[in-house]
Structure formats: C-alpha cells, structure tokens
Amino acid sequence: MGQTKDFGDTIVNWTPPSRPDGVVLDGQYCRLEPLQAQTHAALLFRAYEGHDAVWDYLGYGPFHSAAQYHRWVREVEGQSDPVFFAIYDKDRRAFGGVASLLRIKPEAGVIEVGHINLSPSLQRSRAATEAMFLFQDWAFRAGYRRFEWKCDSLNYPSRRSAQRLGFSYEGVFRQHLIVKGRNRDTAWFATIDKEWDAMRAAYEAWLNPTNFDDTDKQRESLSDLTRLVRAQDDPSL
C-alpha cells in the first residue's frame, strides 16, 4: 500500500474573504480612503510637486502638471484591482500619499500592498507606518491568509521598509518585469495570518503615544519589535 503524504495544514470550512471595495480605514494618525480625482488629485499633486524621485520605481510618473496627474487619478479611481487609497495625515491635516491593495485573490486568500508613493512630508512618519498597519489589519481580519509586499530589488529603501514593517524576505524573482524600459528583478516579502497576532501587538506597542518622548523620538524601534516575528531577514541589507 502507498504511504499517505502530508502536504501541510488543511483548511476546513474556509470561506474566501471580502474584497476591499469602498473600504475606509481610520486610525490614530491617518485615514485611508478610496482615491478620487475630484477630491484628492490637486492636493496630492501639490504634495509631490518638485519631488520627482518619488516616482523612480513606479511604472508611471513623474507628472509635470496638475491636469496630467488629475487624468491619471481619474483613470485608476474606482478600479477593482488595484484598489487605490489616498493617505490623510491627521497630524499635518493633509493628504500626503497614495497606496493600493492589488493582486487581490480572495479564492486563495492572498492580497498585496503596492503602488506606494509617499510625499516627503509623509515619509518616516507615524501616519505612514500606521497606514501599512491598517492595510494588514483589515486584510487579516477580513480572512486573508497572506499579505505581500514586492519591490524592485534595487529599491533598497523599500526593502528596508518591508523588513522594518515585519515582512519576511522570500527571495528575488530575476528578470521579472520591464519597467520604464529597465529590467526589474523583484524582491518578495510577505506576512501570513498565523503571524499577525504577534505582529499586531508589535505595531500597537510602537504606535502607542507613550513610545515617543517629548521630542517625538521613538523609545523602541519597530524593527526591534518585529524582529522576533519575522521568519527571515533580507540578507542584502
């Protein structure tokens, strides 16, 4: 008789999660709302204006006029995949960036965050970190099993951000894409559902106002808080 093979955990009575259509995510420091040209385009263009480097690793941009950017937002708003969000920074009372949920596969329980474009005013802020927390927390509460982060392998700031945010490194897909006429090797990172309870606690500890002193300096870094949860660090960093 043949031997029974163990192919891993079996999911019993698993129901595919909902899609993020029309979702608004509200936190302490930021709010994520569906991107709309009429509401957000002009405000975001002003936040990005003069900072062309923020478009380097995206497949579009930079945009050199408000009208041009408005047309792009109008083209992508309301799509079912990617689902774009505008990021509102509550401390600065301003919209400062965009991100999306994409490659949404409820039948497999997989979802990805991408098209992340943060203006200089939003970069390295509590609002930016909380935005990534809110995306993941929504996904795992909704029932997704795997939350992915991918970036150009040459985009070391993005790779460092993924590791700081607790994503585990899963390797590089060589010659994965061509973006703006350039080869792109893609670095893959992910968090899975069984890690999220511990990861959520790390984020909540970091985001707690008591983690910051009177000069707004963090007492504990998010990297230190998430290090014990990550399955694997990016060896290139």
Amide H neighbours of Asn183 under 5 Å, at least 5 residues apart or on other chains, H built in the peptide plane: list them.
none
Could you work out how far helix 126-142 tilts from the main Cα principal axis of the chain, as a 0 to 90 degree angle to the nearest 10?
40 degrees
Please turn the phi angles of the stretch 101-113 into ³J(HN,Hα) values with the Karplus equation 6.51 cos²θ - 1.76 cosθ + 1.60 (θ = phi - 60°), one per residue in order, whole Hz, x for glycine and proline.
9, 8, 6, 7, 10, x, 5, 9, x, 10, 8, 10, 9
How much FRET efficiency would the formula 1/(1 + (r/R0)^6) give for Gln28 and Glu170, where r is the Cβ-Cβ distance and R0 is 22 Å, rounded to 0.05?
0.15
Report the residues of the stretch 215-232 in range of a label on Ala205: point 7 Å along Cα→C-beta, backbone N strictly under 11 Å from it.
220-229
Name the lysines eligible as straight-distance cross-link partners of Lys150: C-alpha to C-alpha under 19 Å, and not fewer than 8 places from it in the same chain.
Lys105, Lys180
Separation in nanometres of the label points that stand 7 Å from Cα toward Cβ, at Ala231 and Ala198:
1.2 nm
When the helix-only estimate is applied to the chain (DSSP H runs of n ≥ 4, each -39,500 (n - 2.57), divided by the residue count), what is the mean residue ellipticity at 222 nm, nearest 500 deg cm²/dmol?
-8000 deg cm²/dmol
Tell me the carbon and sulfur percent of the accessible area for the chain, rounded to whole percent, probe radius 1.4 Å.
47 percent
Karplus 3J(HN,Hα) series, Hz, for the stretch 208-221 with 6.51 cos²θ - 1.76 cosθ + 1.60 (x for Gly, Pro):
4, x, 5, 7, 10, 7, 5, 9, 6, 7, 5, 8, 10, 7
For Gly27, other-chain or 5+-apart residues with amide H closer than 5 Å (H placed, Pro excluded) are Leu32
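Could you sort the peptides 158-166, 199-207 by per-residue average Cβ neighbour count (10 Å cutoff), highest mean leading?
Packing order, densest peptide first, comes out as 158-166, 199-207.
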Residues of the chain: accessible area per residue with a 1.4 Å probe, Å²:
54 Å²
Angle in degrees between helix 193-207 and the longest Cα principal axis of the chain, rounded to the nearest 10
40 degrees
Nearest-10 value in Å² for the accessible area of Trp188, using the 1.4 Å probe:
40 Å²
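The values are calculated or read from the model by the stated rules, or taken from the named source; none is laboratory data. All values reported here derive from a predicted model rather than from experimental measurement. No Cβ is skipped: glycine too gets one built from the backbone with ideal geometry, and neighbour counts run over all protein chains shown. Note: accessible area is taken over every heavy atom of the protein model, side chains too, but ligands, DNA and RNA are not part of it. Shrake-Rupley method; radii C 1.70, N 1.55, O 1.52, S 1.80 Å.
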